[in-house]
Structure formats: structure tokens, C-alpha cells
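K.L.:
Take this structure, written in C-alpha cells, and hold onto it; I'll ask about it next.
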Amino acid sequence: MGIGPGMEEAPGLERVHAEGASRSAKLCPRGKAHFREDAVFKGLSIGGSLLMPLLVAAILVELVWYSWPALKHFGVGFLVSQEWNPVTQEFGAASSIFGTLVSTLIALLLAVPLSLAVALFLVELAPPPVSRVVGTLIELLAAIPSIIYGMWGLFVFAPFMADYVQPALGKTLGFLPLFQGPPLGIGMLTAGIILAFMILPFICAITRDVYLLVPRTVRESAFGMGATTWEVTYQVIIPYGLVGIIGAVFLGLGRALGETMAVTFVIGNAHRVSASLFAPGNSIASTLANEFAEATGTLYVSSLIELGLVLFLITYLVQMTAQFLVRRFYRAWSAGL
Amino acid sequence: MRMTLRVLAAVLAGLLAAAGLAQAQTVTINGAGATFPYPIYSQWAYKYNQLTGVKVNYQSIGSGGGIAQIKAKTVDFGASDEPLTPEDLEKSGLMQFPMVIGGVVPVVNLKGIEAGQLRLTGETLAQVFLGKITKWDDPAIKNLNPNLKLPVQDIAVVHRSDGSGTTWIFTDYLNKVSPEWRQKVGAGKAVQWPAPNSVGGKGNEGVAGYVKKVAGSIGYVEYAYALQNKMAVVLLKNREDFVAPSSETFQAAAANADWEKARDFHMVLTDQPGPKSWPIVGATYILVYRSQPEAGKARAMLKFFDWCYKHGGEMAAKLDYVPLPEDVVKLVESAWKEVKAGGKPVWP
Amino acid sequence: MKLRPPTGRLLVNRLVSLLSAGAALLGLAVLAWILAGVVARGLGALTPALFIHLPAPPGVPGGGLANAIVGTLVMTLAATALAVPLGLLAGVYLSEFGQDSRLADQSRFSANVLMGMPSIIIGVFVYALVVIPMGKFSGWAGIAALAIIMFPIVARTAEDMIRLVPNTLREAGLALGAPRWQVTLAIIFRAARAGLVTGVLLAIARVSGETAPLLFTALNSPYWVSSLSEPTPNLTVTIFNYAMSPYPDWQQLAWGGSLLITLGVLALTLLTRFSLRDKPR
């Protein structure tokens with residue numbers, strides 16, 4: 001039979017089916033009706049599925065369309081210009097792109113080692129019931145909505161940073177330009193740290209799957225040779241799962257790039273590229289959130305949409321890379337040994 | 001499962017039906033714009049709704065947003081502290097009129113410094129916002145405040161991150177009192193803020209919020225925000241002497257206005273002469289289309305504004321806004337004759 | 001023979017174990033910190049007034065979030081009504097008809113792209129698509145934005161769940177002479193019912209906390225939901241506005257709303273976790 005998922009139509013059977021269909025159509029009106037109904041149903045489902053690539057394409061087209069005036073006017077210089085002057089209608093994406101990249105970098109620097117460590121704990125070190133409970137709780141970090149992170153960040157975490165962490169960092173590492181400036185609490189560093197905890201569960205979940213997918217025999221042979229858990233992880237699991245882990249990192253990267261509300265609350269909203277992590281800045285998403293509803297002037301709106309286009313393209317590329325890597329890993333190792 | 005779906009569908013249908021019914025009976029007027037007058041507009045709308053059932057939904061999104069939304073025709077009226085130029089009004093088919101007058105005041109968050117203690121001149125204020133004065137114990141500030149204990153602390157500047165009429169009024173003042181500011185930055189609803197440790201707040205609310213949270217910060221807000229949040233306001237020097245912000249000093253500045261000569265009510269009230277004048281005062285405007293699509297809604301809208309003029313004065317005065325003087329109201333309401341629906345004037 | 005004591009390696013192993021446990025503890029600590037913060041600040045706001053009263057202007061006491069709660073519920077339900085049928089149809093195609101076809105691959109990829117897309121971009125998209133032609137902010141625009149976010153989530157989980165239904169059920173239905181669509185809707189959906197509901201609940205949880213897409217579609221309103229063609233009150237934008245304000249009573253309400261959303265989303269998430277746990281992978 002040719003029907004059912006996973007079963008492909010053998011070439012010859014098509015003709016048989018067509019004949020059968022037409023035969024049944026000739027034979028009974030209910031068969032004819034079923035044929036029609038199924039065609040409609042299949043058509044609807046195709047339509048539903050088609051909607052997704054259509055949406056992606058539509059978003060891209062619309063973003064390009066509306067950012068055209070800015071694209072034409074500013075050209076490539078838009079990406080590196082630090083100007084953001086609604087008075088003279090001169091705009092540049094540099095501070096927004098910078099802020100997006102820096103806050104994301106901070107988040108990754110913190111989240112990746114933490115995620116690897118947590119995944120290791122959940123897979124190798126914790127007894128199964130503990131692993132289940134802790135694993136679920138870690139995943140709850142992903143469920144908390146962005147605006148809650150923002151609220152907590154602004155009212156609880158930023159004052160904590162301002163009162164304790166930033167002064168301490170300033171005293172010890174203040175010779176570095178990274179940690180200079182007044183401890184405002186809000187700023188790039190705070191935004192990066194909050195982002196780290198927002199993406200931690202994503203990277204952790206996939207890393208966990210990666211750890212579990214490394215073939216038992218490979219792991220057990222390493223243990224059999226007397227390696228400690230850490231040595232097995234470091235020298236066997238991670239190299240084997242590297243592709244998948246990098247994919248997980250890219251996924252976390254994608255999330256961090258697009259995070260809006262949490263960042264908007266705590267990044268300080270300043271169109272400025274600054275060397276200090278204590279300084280306020282902005283990200284593409286926070287600029288859009290703050291200024292979109294109020295922008296006047298074609299170039300202003302168009303520049304904002306061009307920022308959106310940049311974010312869309314970066315996210316798209318990161319997504320593509322992430323999916324490619326993760327899929328490659330699963331395909332290679334889910335076969336098992 | 002089917003039962004749950006049925007229940008959900010019924011609830012949704014019920015809510016939508018109720019919504020539909022409700023809409024058939026009440027008028028909703030949508031407005032958006034300046035955060036400057038939001039404390040008083042929201043109270044007026046609330047009271048008016050209690051009295052008449054008419055809903056005025058005012059979204060406080062900044063003057064820039066108000067202008068953008070009314071030009072895009074996504075709201076019924078816009079609100080801006082920066083008046084549009086006569087050319088702009090002509091081109092867009094809008095008309096504007098002032099609603100209420102208020103003052104913009106610098107506010108600070110300094111330990112031990114209360115409201116009305118810190119003194120600044122326009123020039124020092126400009127220097128702070130230019131990023132030239134970066135610490136609170138700078139000699140320039142110390143000289144003006146010999147009796148105050150100023151902390152050794154970095155100044156964190158808080159400004160608006162959105163397109164703001166309050167910024168326009170504030171930077172217009174800085175333009176007038178500091179040639180360096182005028183040359184380097186200029187005036188506008190949004191400018192390129194030069195100070196290094198500056199934070200952008202969304203709306204007057206955002207600026208007030210950040211100033212309250214960040215120690216050592218200075219920002220600028222409409223006075224009602226400073227009042228409602230018990231913030232430490234700064235005394236400024238007008239052309240003659242140091243004055244404190246209050247409805248009295250706002251009125252003194254506003255008394256200089258010659259509304260009859262102002263084309264399209266375009267008026268700037270910063271740096272006004274007079275010993276009692278608060279140097280940063282501005283009127284806030286309403287923008288409506290001259291040609292209205294619906295006579296009924298247009299009329300309801302103007303009725304609301306008329307009520308605000310005639311009965312909202314006390315509420316406004318409590319927040320230290322200066323209600324528009326009666327003769328100006330007469331000028332405004334006679335200008336309303338230009339508002340027409342289908343060729344016929346909507347007012348009176 | 002004396003065995004060389006591998007103390008160094010054991011020490012490193014011990015250290016790493018401690019660090020890993022520490023990392024897990026850190027994650028849990030942050031979770032606890034956040035939840036404690038939200039509960040501590042929001043509990044005081046959970047009065048009946050919150051659920052009954054409309055927002056009051058700053059300085060006027062006694063405001064509530066009633067209209068925002070209703071608005072969020074209405075928009076979420078409507079977005080669900082829009083996204084679920086479309087998502088199910090797409091899921092059906094991906095699992096039943098398309099499988100490995102090019103369209104299916106493209107759709108799956110697009111679904112992942114959409115799910116990873118910053119929701120603010122979707123807000124911009126809907127603004128240009130719905131708000132500008134309509135001439136105003138509206139609940140419909142908000143619903144559209146939320147539906148676009150939910151749709152790929154429902155589609156992908158539906159695909160996964162439908163795939164799990166054994167072929168025997170399909171073939172039995174077809175053998176009885178039922179048309180394909182009937183087999184799918186009456187038999188397969190019923191068999192995958194729990195998983196499909198889970199997918200829908202996940203999508204709802206995801207969308208309940210979304211603020212950015214509503215910022216310039218539904219905007220907000222201090223009144224009851226009167227018509228979806230007008231700016232529609234909603235919890236998340238209200239929280240955003242109130243949080244950024246300097247007024248303590250508004251901030252208190254923002255915390256109350258935050259607590260409501262957090263409890264709702266966490267409850268939904270835990271519910272789906274536990275129901276999915278029984279599903280074979």
C-alpha cells in the first residue's frame with residue numbers, strides 16, 4: 001500500500017491508484033465525493049504548510065521595502081555610523097549593532113561554560129530523580145517571559161549590581177577601561193548577565209541531548225580505561241559532540257540577539273559605543289522597542305526598519321547555521337554504534 | 001476535549017458580543033502624544049468618563065509619537081509640546097491649539113539634597129548636559145551652592161530616549177542660554193546627547209523613573225512628575241534671580257505670551273523676562289485635522305476639550321499646571337470654526 | 001606492585017564535579033531569586049481590586065488591571081483560534097502528505113526561523129501589514145502578531161505528535177473506507193489529542209508573556225475591551241508602561257500583573273512538561 005507516512009509510492013502503483021480512483025469514481029458517487037474532499041483537505045494542508053515559508057519571505061520583502069529609503073540614502077555607511085540624530089535626520093546602526101553584539105557576547109561567555117557544566121551535572125553526576133527535578137527547574141528559566149526578566153532586572157538585579165558588583169569590579173579591575181565609569185546598575189554588563197540566564201536553558205537542553213547521544217560504547221570504553229568522569233567528558237564526549245554543542249551555542253546566540261524586553265529595561269538606552277561595560281548602550285531590539293512608535297520622518301522610520309532588517313538577517317543566518325549543525329550532529333550520531 | 005472547545009468558543013463569542021454591544025453605545029476618542037501633560041490629561045479623561053461615559057483613550061507615547069500617529073491618521077487627535085510650523089500645518093491639513101501650560105524642571109538624585117536646595121544656572125546646566133562638568137563636586141556647581149555638601153560622585157545624565165516635546169522645550173532653553181550648546185547640539189524633540197554617562201528614559205515617566213533609581217543622576221521632567229514623585233527639584237536662575245518651580249513662577253513666564261499675534265498659536269515660553277519667571281515653560285498642543293471624517297466624533301472631541309478648559313482648571317492647578325487664560329480659550333474656540341466635517345463646521 | 005596514586009586527576013575530577021554542581025545550583029538560585037522577587041513584590045498587589053477595577057490615572061488610588069487581563073485573554077484566545085487550525089493543517093501536511101518533500105523541508109526550516117525570530121520583528125511586520133492600512137492600532141493587529149508567533153509552534157508540535165500515531169490506526173481507518181480527511185480528523189487527531197493539546201498550551205504559554213509584538217499593534221487602553229478595531233488593553237504593555245513609570249502604585253500593579261503572568265506561564269509549562277514526559281521520544 002502506498003498510503004501512510006514513511007512509505008513511498010512505488011512508481012507502478014501510481015497508475016494502479018489512478019485507475020482505482022477513477023474506477024471507484026465510476027463505480028460509486030461516494031468515492032467521487034471522497035476523492036474531491038481529500039483533494040480539498042490536502043490542498044488546505046499544503047496551504048497551511050506553505051504559509052510558513054511565505055511568512056518568512058513576506059517579512060523579508062516588507063523589511064526591505066520599508067527600509068529602502070534609508071538603504072538608498074545612507075548606503076553601507078549606515079552600518080558603521082555612530083550618528084543617531086533625529087534633528088538632522090542622520091542615522092547610523094553602529095551603536096545598536098555594537099550593543100547587540102556585546103551584550104550577546106557577554107551572555108555567551110557566561111552561559112556556554114555554565115550550560116556545559118549544568119548539562120554535565122544533569123547527565124553524569126546527579127542521580128536520576130535529582131537530575132529530573134533539577135532539569136525541569138532549569139528549563140523553567142526558559143519559560144519565564146522576557147518582561148518578567150526585565151522587571152526583575154530593573155527593580156532587583158540592577159540595584160544589586162549598582163550597590164555591590166559594580167563597585168567591587170571597579171575597585172579590583174578598574175584599571176581596565178572595561179570596568180570604568182559610575183556604577184549605574186543599568187548598562188551593558190547587567191543586560192549581558194541577564195541574557196546569559198535567559199539562554200542558559202536552551203543551550204543546556206541541547207547540550208544534554210548531545211551528551212546523551214554519544215554512543216554508550218564509546219563512553220564506556222573510555223571509562224573502562226580508567227578515565228575519570230571529567231576526562232571522559234573533556235576528551236571524549238565534547239569532541240564527539242562538538243558539532244552539536246556548537247549548534248546549541250548558535251541557538252542560544254540566536255535567542256540572545258533577538259531578546260527585546262529584558263534588554264530594553266536594563267540596557268540604559270543610549271546611542272553610544274562605549275568601551276566600558278558599565279556604560280549604558282542599546283541593542284537593535286531595544287532601539288526598536290523604544291523609538292518605533294514615536295518616529296517621525298521617512299528616514300527615521302526607514303532607518304529603524306533597516307535596523308530590523310539587519311537583525312532579521314543576522315538572526316536568519318545564525319538560525320541557518322544552528323539548524324545545519326544540530327541536524328548534522330543528530331544525523332551522524334543518532335544512528336548509534 | 002470537545003466540551004472544552006465548546007466552552008472556550010462560547011466564552012470567546014460572549015466576550016466579543018459584549019464588546020460589540022458596548023461599542024455600539026459608547027464613543028471612544030483615541031489620542032496619543034506628549035507625556036508632558038499626561039498626568040492632567042489622564043485625570044481629565046477619567047473624570048469626564050465618569051460624568052459622561054465618553055471614553056478618551058490617551059496614550060502617552062511622546063510628542064514625536066503623537067505627531068507621527070495623527071499624521072498617519074491612526075488616532076483622532078495628537079498631542080505635542082513642540083508646536084508645528086505653519087507650513088507643516090498647512091501641508092498636513094492639521095490645526096493646533098494649546099491646551100495647558102506647564103514647566104520643565106531639572107531633578108536630581110543626590111543623597112542629602114532635598115527639593116529646592118540645589119541651585120544651577122542655565123550655563124552650568126548646559127555644561128552638565130554637554131558632559132563638560134562630570135562630577136557633582138565640580139567647582140562650578142560648588143560656587144553656586146556654597147552651603148551644600150556635594151558628594152564626590154560622577155554625574156549620570158538622564159534624558160529622553162523617545163521623540164519628546166519636553167526635550168524640545170528643554171533644549172530650546174539650553175540653546176538660548178549656552179552658545180556652546182547651540183553650536184554643538186541644538187534643539188529638537190530628540191538630539192544627540194553628548195554626555196558620556198547618559199541614560200535614555202522613555203517618556204517623562206521613564207526619566208523620572210531612572211532619576212529615582214540611579215544615584216547621582218540629573219534629569220529633566222515636567223513639573224507634575226516631580227511633584228507626584230516627590231523628587232528633588234533644582235532652582236534655576238532666570239534673567240535676574242534664582243527661582244523655584246511653581247505655578248506662580250510658571251504663570252509669571254506665561255504672562256509674557258502674546259497669543260493674539262501668534263500664528264497658529266505657535267509660542268515659545270523659555271527664558272522669559274521677569275523676576276519671578278521660571279525659565280523653562282511651555283504650552284502643550286493638541287493636533288486635529290481641519291477636515292474630519294465623522295461630524296459626531298469630531299463634535300464629541302471638541303466638547304471634551306471645551307469641558308477641560310471650563311471645568312478642568314482646578315485639577316490642573318493641583319498639579320501645578322497653568323490653565324489657559326479665558327481670553328486665550330476664546331481665541332482657541334473661535335479657531336475651532338475651521339474644523340469641518342463634510343464642509344460644515346463642527347463647532348459650536 | 002605499587003599503583004601510582006592518581007590523586008591529581010581525581011582532584012581535577014572532584015573539582016569539576018563541584019563546579020558542575022555549583023553551576024546547577026547557580027541556575028537554581030537565579031530561578032529562585034527571580035520567583036521570590038516576583039512573588040514578594042506582586043503578592044501585595046493581588047487584591048480583588050486588581051481584578052475588578054480599571055486603571056486609574058497617576059495620583060488617583062484604587063486602580064486595577066481588570067481590562068488588561070480581559071484584553072490579554074481575549075487576544076490570546078482569538079490568536080489561538082486563528083493559529084491552531086492553520087497550525088494543525090500545516091502539521092498534517094508535514095507528517096502525512098509532505099514528509100520529505102521539498103515543501104516540507106522548506107516549511108520546517110521556515111518554522112524554525114519563525115520560532116527563532118525576535119518577536120519585535122513580527123510586530124514591525126504586522127504594523128506595516130495591518131496597522132497602516134487599517135489606519136489605527138487595533139486588537140486585530142495584536143491578534144495577528146500573536147497568531148504568527150503561535151502558528152509555527154503548533155505546526156511543529158502537531159507534526160511530531162501526529163508522527164507518533166501508529167500506522168495501523170491509519171490503515172484501519174482507510175480500510176474501512178473512510179476518506180483521508182476523516183481518518184486524519186476523527187482518528188489520528190483523537191489518538192494524538194493529548195500531544196496536540198500540549199502543543200497548543202505551549203504556544204499559549206509562549207505568547208502570554210509577549211510584549212514587543214503588541215507594542216505597536218494593539219498598543220494599550222485604559223478602558224474595557226469595547227471593540228477589537230480599537231487599541232486593546234493588554235497585560236504586558238501595561239506592565240511595561242507601569243514599570244517604567246515613577247509612580248509606586250503603578251509599579252505595584254506592574255508587579256501584580258507580572259506575578260499573574262508568571263504563575264500562568266509556569267503552570268502551563270509544568271503541565272505540558274508532565275504530560276509530554278509520558279510520550280515516547
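K.L.:
Which ³J(HN,Hα) values, rounded to whole Hz and listed in residue order, are derived for the range A:154-160 from phi using the Karplus coefficients 6.51, -1.76 and 1.60 in 6.51 cos²θ - 1.76 cosθ + 1.60 with θ = phi - 60°, glycine and proline given as x?
P.N.:
Working through the residues one at a time gives 6, 8, 10, 6, 4, x, 4 Hz.
K.L.:
Using a 1.4 Å probe on the protein chains only, how many percent of the accessible area of the range C:152-272 belongs to carbon and sulfur? Intermediate values should be presented prior to the final figure.
P.N.:
Details: 2440 of 3680 Å².
That share works out to 66 percent.
K.L.:
Residues of the range B:159-192 losing 40 Å² or more of accessible area relative to the isolated chain, 1.4 Å probe, heavy atoms only?
P.N.:
The answer is B:Ser161, B:Ala190, B:Gln192 - residues whose exposure falls by at least 40 Å² when every protein chain is included.
K.L.:
Moving on. Quote the FRET efficiency, to the nearest 0.05, computed for B:Lys230 versus A:Gln89 with a Förster distance R0 of 51 Å and r equal to the Cβ-Cβ distance.
P.N.:
Numbers: r = 39 Å, r/R0 = 0.76.
According to the calculation, E is roughly 0.85.
K.L.:
Please label the shape of chain A as rounded, prolate or oblate, based on the square roots a ≥ b ≥ c of the eigenvalues of the alpha-carbon gyration tensor (a/c under 1.5 means rounded; beyond that, a/b larger than b/c means prolate, else oblate).
P.N.:
It comes out oblate by the Cα gyration axes.
K.L.:
Can you work out D for chain B in µm² s⁻¹ from Stokes-Einstein, where Rh is the Kirkwood radius over C-alpha pairs, the temperature is 4 °C and the viscosity is 1.567 mPa s?
P.N.:
On the way: Rh = 21.3 Å.
D = 61 µm²/s.
K.L.:
Pop the C-beta distance of C:Asn167 and A:Gln235 into the FRET formula with R0 = 30 Å and round what comes out to the nearest 0.05.
P.N.:
On the way: r = 43 Å, r/R0 = 1.43.
Computed FRET efficiency for C:Asn167 and A:Gln235 comes out at 0.10.
K.L.:
When Lys and Arg each count +1 and Asp and Glu each count -1, what net charge do the other residues less than 11 Å away from B:Asp154, Cβ to Cβ, add up to? Don't skip to the end; give the middle numbers.
P.N.:
Values: positive: B:Lys135; negative: B:Asp137, B:Asp138.
Taking every Cβ under 11 Å from that of B:Asp154, the sum is -1.
K.L.:
Something else about it: Quote to one decimal, in nm, the extra length available between A:Val165 and A:Ser81 on full extension: 0.36 nm per residue of separation minus the C-alpha distance between them. Working shown, then result.
P.N.:
On the way: separation 84, 0.36 × 84 = 30.24 nm, distance 3.24 nm.
Stretched out fully, the A:Val165 to A:Ser81 stretch lengthens by 27.0 nm.
K.L.:
Then there's this: At a probe size of 1.4 Å, how large is the accessible area of A:His73, to the nearest 10 Å²?
P.N.:
The value for A:His73 is about 110 Å².
K.L.:
Using a probe radius of 1.4 Å on protein heavy atoms only, what is the accessible area buried between chains C and A, both sides summed, to the nearest 100 Å²?
P.N.:
Values: alone 16090 and 19010 Å², together 27470 Å².
Interface area, both chains combined: 7600 Å², rounded to the nearest 100.
K.L.:
Rounded to whole Å, give me the distance from the Cα center of the range B:247-277 to that of the range B:290-348.
P.N.:
Between the Cα centre of the range B:247-277 and that of the range B:290-348, the gap is 21 Å.
K.L.:
In whole angstrom, note down how far apart the Cα centers of the range A:218-296 and the range C:219-281 are.
P.N.:
Cα centres, the range A:218-296 to the range C:219-281: 26 Å.
K.L.:
Any idea which of C:Leu196, B:Asn204, A:Ala289 is furthest toward the positive side of the dipole for the protein assembly as shown, if Lys and Arg beta-carbons carry +1 and Asp and Glu beta-carbons -1?
P.N.:
It is C:Leu196.
K.L.:
Heavy atoms only, probe 1.4 angstrom, no DNA, RNA or ligands counted: give me C:Arg170, A:Arg272, A:Arg331 ranked by accessible area, highest first. Mind showing how you got there, number by number?
P.N.:
Working: C:Arg170 5, A:Arg272 45, A:Arg331 170 Å².
Reading off the accessible areas and sorting them downward yields A:Arg331, A:Arg272, C:Arg170.
K.L.:
Hey, any idea what Rg/Rh is for the range B:135-222, computing Rh the Kirkwood way over Cα pairs?
P.N.:
On the way: Rg = 13.6 Å, Rh = 13.8 Å.
A ratio of 0.98.
K.L.:
Set Lys and Arg Cβ to +1 and Asp and Glu Cβ to -1, take the dipole of the protein assembly as shown about its Cα centre, and tell me which of A:Leu253, B:Val177, A:Ser115 lies farthest positive.
P.N.:
Selected residue: A:Ser115.
K.L.:
A follow-up question, please. Let me know the mean shielding of A:132-142 by other chains, meaning the per-residue number of their Cβ atoms within 10 Å of its Cβ.
P.N.:
Mean shielding count: 4.
K.L.:
Ok, one more. Report the label-to-label distance for C:Val12 and A:Phe324 in nanometres (one decimal), using points 7 Å from each Cα along the Cα→Cβ vector.
P.N.:
Modelled inter-label distance: 3.4 nm.
K.L.:
Probe radius 1.4 Å, ligands and nucleic acids left out: which of B:Lys230, B:Lys184 has the largest accessible area, and how do the rest follow? Can you show the working numbers first?
P.N.:
Working: B:Lys230 180, B:Lys184 120 Å².
Descending accessible area places them as B:Lys230, B:Lys184.
K.L.:
Let me make sure I get this right: for the range C:28-160, a, b and c are the square roots of the gyration tensor eigenvalues over alpha carbons, sorted descending. Under 1.5 in a/c it's rounded, otherwise prolate if a/b > b/c, else oblate. Which is it? Working shown, then result.
P.N.:
Numbers: a/c = 2.62, a/b = 1.72, b/c = 1.52.
Prolate shape, in that a/c is at least 1.5 and a/b is the bigger ratio.
K.L.:
If each of C:Val60 and B:Asp258 carries a label point 7 Å out from its Cα toward its Cβ, how far apart are those two points in nm?
P.N.:
4.0 nm
K.L.:
Taking all protein chains as present, what is the carbon and sulfur share of the accessible area of the range A:148-281, in % to the nearest whole number, probe 1.4 Å? Mind dumping the intermediate values first?
P.N.:
Numbers: 3060 of 4520 Å².
Here carbon and sulfur together make up 68 percent of the probe-accessible area.
K.L.:
Partner chain Cβ atoms within 10 Å, averaged over the residues of A:179-190 - can you pull that number for me? Display every interim value, and only then the final one.
P.N.:
Working: counts 0, 0, 4, 12, 5, 12, 4, 5, 2, 0, 0, 0.
Whole-number average of other-chain Cβ neighbours for A:179-190 is 4.
K.L.:
Keeping the other protein chains in place, figure out the carbon and sulfur percent of the accessible area of chain B, with a 1.4 Å probe. Don't jump to the answer; show the numbers that get you there.
P.N.:
Working: 7240 of 13610 Å².
Result for chain B: 53 percent of the exposed heavy-atom area is carbon or sulfur.
K.L.:
For B:Asp327, B:Asp306, give the ranking by accessible area with the largest first, probe 1.4 Å. All intermediate terms of the calculation are to be shown ahead of the outcome.
P.N.:
On the way: B:Asp327 100, B:Asp306 30 Å².
Result of the area sort, largest leading: B:Asp327, B:Asp306.
K.L.:
Let me ask you something else. Let me spell out the model: positive unit charges on the Cβ of Lys and Arg, negative unit charges on the Cβ of Asp and Glu, origin at the Cα centre of the protein assembly as shown. What dipole size does that give, in debye rounded to 20?
P.N.:
For the protein assembly as shown, the charge dipole is close to 2440 debye.
K.L.:
Per residue, what accessible area does chain C have, given a 1.4 Å probe and all protein chains present, in Å²? Could the numbers behind the result be given before it?
P.N.:
Values: 10840 Å² over 281 residues.
It amounts to 39 Å² per residue over chain C.
K.L.:
Which of A:Ser115, A:Ser146, A:Ser283 moves most in a GNM of chain A, Cα contacts under 10 Å?
P.N.:
Among A:Ser115, A:Ser146, A:Ser283, the largest mean-square fluctuation in the Gaussian network model of chain A belongs to A:Ser146.
K.L.:
Can you compute the helix-only [θ] at 222 nm over the protein assembly as shown? Use -39500 (n - 2.57) per DSSP H run of at least 4 residues, normalise by all residues, nearest 500 deg cm²/dmol.
P.N.:
Taking each H run of at least 4 residues, the total per residue is -19000 deg cm²/dmol.
K.L.:
Which shape class applies to the range A:52-128: rounded if a/c is under 1.5, otherwise prolate when a/b exceeds b/c and oblate if not, where a ≥ b ≥ c are the square roots of the Cα gyration tensor eigenvalues?
P.N.:
Because a/c hits 1.5 or more and a/b fails to exceed b/c, the range A:52-128 counts as oblate.
K.L.:
Just grab the label-to-label distance for B:Trp307 and B:Glu333, each label 7 Å out from Cα along the Cβ direction, in nm (one decimal).
P.N.:
1.5 nm
K.L.:
5 Å is the cut-off here: which amide hydrogens, built 1.01 Å from N in the peptide plane, fall below it relative to A:Glu90, excluding neighbours closer than 5 in sequence?
P.N.:
A:Asn85
K.L.:
Right, next: Please turn the phi angles of the range C:246-254 into ³J(HN,Hα) values with the Karplus equation 6.51 cos²θ - 1.76 cosθ + 1.60 (θ = phi - 60°), one per residue in order, whole Hz, x for glycine and proline.
P.N.:
Result, rounded to whole Hz: x, 8, x, 5, 5, 5, 4, 4, 4.
K.L.:
Sticking with this structure for a sec: Tell me the Rg and the Dmax, in Å, that the Cα atoms of chain C produce.
P.N.:
Cα only, chain C: 23.9, 88 Å (Rg, Dmax).
K.L.:
How well do other chains shield peptide A:277-286, expressed as the mean number of their Cβ atoms within 10 Å of each residue Cβ? Intermediate results must be reported in sequence, preceding the final value.
P.N.:
Numbers: counts 0, 1, 4, 10, 0, 2, 1, 3, 5, 4.
Partner Cβ neighbours, averaged per residue: 3.
K.L.:
How compact and how long is the protein assembly as shown, expressed as Rg and Dmax of its alpha-carbon atoms in Å?
P.N.:
Reported Rg and Dmax, both Å: 30.6, 111.
K.L.:
Can you work out the FRET efficiency for the pair B:Glu326 and A:Glu37, with r the C-beta to C-beta distance and R0 = 60 Å, to the nearest 0.05?
P.N.:
On the way: r = 74 Å, r/R0 = 1.24.
For B:Glu326 and A:Glu37, the calculated efficiency is 0.20.
K.L.:
To the nearest 10 degrees, how steeply does helix A:128-143 sit against the main Cα axis of chain A, on a 0 to 90 scale?
P.N.:
70 degrees
K.L.:
Looking only at the protein assembly as shown, where both bridge partners belong to it, what percent of the DSSP beta bridges are antiparallel (to the nearest 5)?
P.N.:
Working: 31 of 51 bridges.
Counting only bridges with both partners in the protein assembly as shown, antiparallel ones make up about 60 percent.
K.L.:
Next question, about the same structure. Just the number, please: percent antiparallel of the DSSP beta bridges in chain B, rounded to the nearest 5. Could you put the intermediate results ahead of the total?
P.N.:
Details: 29 of 48 bridges.
In chain B, DSSP labels about 60 percent of beta bridges as antiparallel.
K.L.:
Which residues, if any, in the range A:236-264 lose at least 40 square angstrom of accessible heavy-atom surface (probe 1.4 Å) when the other protein chains sit next to their chain rather than the chain being alone?
P.N.:
When all protein chains are present, A:Met261 each give up 40 Å² or more of accessible surface.
The values are calculated or read from the model by the stated rules, or taken from the named source; none is laboratory data. The structure presented is a predicted model; accordingly, all values stated were derived computationally and were not measured. Glycine gets a Cβ as well: all are built from the backbone with ideal geometry, and neighbour counts include every protein chain shown. Remember, those area values only see protein heavy atoms, side chains included, never the ligands or the DNA or RNA. Shrake-Rupley method; radii C 1.70, N 1.55, O 1.52, S 1.80 Å.
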